[in-house]
Ligand code: PGA
């Protein structure tokens, strides 16, 4: 289409994304803004509960969540895989074990995100469904805080795998081999049903559908490049 080839000359795009999506979405935005330099973007990064509230109030053009929004009259499309993993420090006794039973993991102190986090909701649901409660050592308000606390030896953590895009190969964090994990989820792009999408919003939605999978899968490559750059 001619309009696609020329790029969208101007417009404003407002997005609300869950905090775990900030590890891949900016790369997609980078490509999109390169092709459409006239566009102004406002990006709100917050947790699931806050994104759902913004979605219900139709505050943004598009929202990105880690799992489908429940209980809202919205259009949601899966755009890429979003596995959730459990992590430990590499010298943790469980780090070298395979097929660890969930019951064993549930005896370890856990670092959990704040209430309202989709990451926390997913991991708590998994253990609750097995009659288990995770012993919470500490509640932390961000994915980076969880990583640093795990590195600090405070306990085990649960994170969307994509949040490890940069640490992937540095060896500071180890993904545990727990039975039932990774929990398979899919990134979702959502907007209120019946909402009129602007030309820019529709173009970015199409860009997500076409390229999100590839951007998510590029995470490990980015980790390798970062590691190589650090060694030079
Ligand atoms: P969140 O991310 O924990 O920042 O709400 C949502 C998710 O990955 O499910």
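The values are calculated or read from the model by the stated rules, or taken from the named source; none is laboratory data. This structure is a prediction, so every number in the text was calculated from the model and none was measured. Ideal geometry is used to build each Cβ from the backbone, glycine not excepted, and the neighbour counts take in all protein chains shown.
Of all residues in the stretch 13-27, those being away from the ligand (no atom under 16 Å from the Cβ) and at pLDDT below 95 number 1. Those strands (runs of 3 or more DSSP E) of the stretch 52-108 in which 2 or more residues are more than 15 Å from the ligand (Cβ to nearest atom) and more than 21 Å from residue 143 (Cα to Cα) occupy 74-81. Applying a threshold of 6 Å to beta carbon distances and a minimum spacing of six or more residues, or different chains, the list of pairs starting in the stretch 113-126 at a residue that is in contact (Cβ under 8 Å) with a residue 40 or more places away in the chain and under 17 Å from residue 147 (Cβ atoms) and ending at one that is more than 7 Å from the ligand (Cβ to nearest atom) and assigned to a loop (DSSP other than H, G, I, E, B) reads 114/141. Please find, within the stretch 30-44, the residue that is surrounded by the fewest Cβ atoms within 10 Å (Cβ to Cβ) out of those that are within 23 Å of residue 161 (Cβ to Cβ) and out of contact with any strand residue (DSSP E or B) (no Cβ under 6 Å at 6 or more places or on another chain). Restricting to residues being within 23 Å of residue 161 (Cβ to Cβ) and out of contact with any strand residue (DSSP E or B) (no Cβ under 6 Å at 6 or more places or on another chain), the top hit is 30.
Does residue 129 satisfy being buried (at least 17 other Cβ atoms within 10 Å of the Cβ) and out of contact with any strand residue (DSSP E or B) (no Cβ under 9 Å at 6 or more places or on another chain)? No, not satisfied.
Of these, 215, 165, which one is within 14 Å of the ligand (Cβ to nearest atom), in contact (Cβ under 8 Å) with a residue 60 or more places away in the chain, within 15 Å of the chain's Cα centre (by Cα) and buried (at least 18 other Cβ atoms within 10 Å of the Cβ)?
Residue meeting the stated conditions: 165.
Against the conditions (1) within 16 Å of the ligand (Cβ to nearest atom); (2) part of a loop (DSSP other than H, G, I, E, B), residue 153 satisfies every one except (1). Please tell me if residue 145 is within 15 Å of the ligand (Cβ to nearest atom) and either out of contact with any strand residue (DSSP E or B) (no Cβ under 9 Å at 6 or more places or on another chain) or in a helix (DSSP H, G or I) (or both). When the stated conditions are applied, residue 145 passes them.
When you go through 172, 158 one by one, which is the residue that is touching a residue at least 24 places away in the same chain (Cβ under 8 Å), in contact with a helix residue (DSSP H, G or I) (Cβ under 6 Å, 6 or more places away or on another chain) and more than 28 Å from residue 70 (Cα to Cα)?
Numbers: 158 fails: more than 28 Å from residue 70 (Cα to Cα).
None of the other options fit; the residue is 172.
Are any of the residues in the stretch 179-197 surrounded by 13 or more Cβ atoms within 10 Å (Cβ to Cβ), closer than 18 Å to residue 19 by Cβ and more than 18 Å from the chain's Cα centre (by Cα)? No, there is no match, as no residue in the stretch 179-197 is surrounded by 13 or more Cβ atoms within 10 Å (Cβ to Cβ), closer than 18 Å to residue 19 by Cβ and more than 18 Å from the chain's Cα centre (by Cα).
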